[in-house]
Amino acid sequence: MAHDPTDASTAATPDAVRGTPDAVAAAVRARAVARSRADPAAAPYAALHRAMRALEQARAASRPGVMAEACHRVARCWRALGERAAALASLERALHWARASGACDQALDLQCECAELLAEMAARADRHERGSGRPLRERARDEVFDAARAAGGCADPRWEVTLLLRLSDVLDGFGDHDDATQLQVRALRLTAAGMYGPATPRAEDAARVHRH
């Protein structure tokens, strides 16, 4: 069973709460409850509180697939609150657990989401200070190319197409149009193969290849 030495879903909270993971989780829950009671419109905080409770239950169950889902739920809550760094930490934990569970499609979906979030964070960093988003963009590119390679192992070509188009959008946003186009062409080929079947070479083309 995979080992989770530190749960970044709780440890990477934005308010720099320090202590053990359980202490951090308790602090986050208390803060979420207080805010939701003080402001009835603070639904995202209540959602975070529920997600943190679900994460504790998942940890007790010690099942990687359940942990992946719980960490992903926490990530969505952090993202809804605009806490992107905490959301990314939770996504990375979800990806860890998805891989540990052997859920390849889920892992690729989470890896795409990591790349998308890193791209968003890079853009925000650049708006604050030009060029400061470069390290985040490089991390996003690494995730994109790694996911693109792994996507070739998808059992469902339609899912592979979906992943490739998401990844190409990230590269396109960075201005990496050539690399983005390569992923789009790969997706189009898969789509065409699904609609018309694999291409069959003409006899004269096959003969030409054989001669060479």
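The values are calculated or read from the model by the stated rules, or taken from the named source; none is laboratory data. Here the structure is a predicted model, which means the values were calculated and not measured. A quick note on method: Cβ atoms are made from the backbone with ideal geometry, for glycine too, and the neighbour counts reach across all protein chains shown. With ligands, DNA and RNA removed, areas are computed over all heavy atoms of the protein, side chains included. Shrake-Rupley method; radii C 1.70, N 1.55, O 1.52, S 1.80 Å.
With a 1.4 Å probe rolled over the protein heavy atoms of all chains, the accessible area of GLU116, GLU160 falls in the order GLU116, GLU160, largest first. Couplings for segment 107-123, taken from phi via the Karplus curve 6.51 cos²θ - 1.76 cosθ + 1.60 with θ = phi - 60°, read 4, 5, 4, 5, 5, 4, 5, 4, 4, 5, 5, 4, 5, 5, 5, 5, 5 Hz in order; Gly and Pro are left as x. For segment 124-141, the Karplus equation 6.51 cos²θ - 1.76 cosθ + 1.60, evaluated at θ = phi - 60°, returns couplings of 5, 5, 5, 5, 6, 8, 4, x, 6, x, 4, x, 5, 5, 5, 5, 4, 4 Hz by residue, with Gly and Pro reported as x.
At a Förster radius of 35 Å, what calculated FRET efficiency corresponds to the Cβ-Cβ distance of PHE145 and ALA43, to the nearest 0.05?
0.40
Rolling a 1.4 Å probe over the heavy atoms of the protein chains gives segment 39-91 an accessible area of 45 Å² per residue.
How much of the pair distance distribution for segment 49-107 lies past 18 Å, counting alpha-carbon pairs only, in percent?
So the pairs more than 18 Å apart make up 28 percent of the total in segment 49-107.
For the set VAL185, VAL74, the ranking by accessible area, highest first and with no ligand, DNA or RNA atoms included, is VAL185, VAL74 under a 1.4 Å probe.
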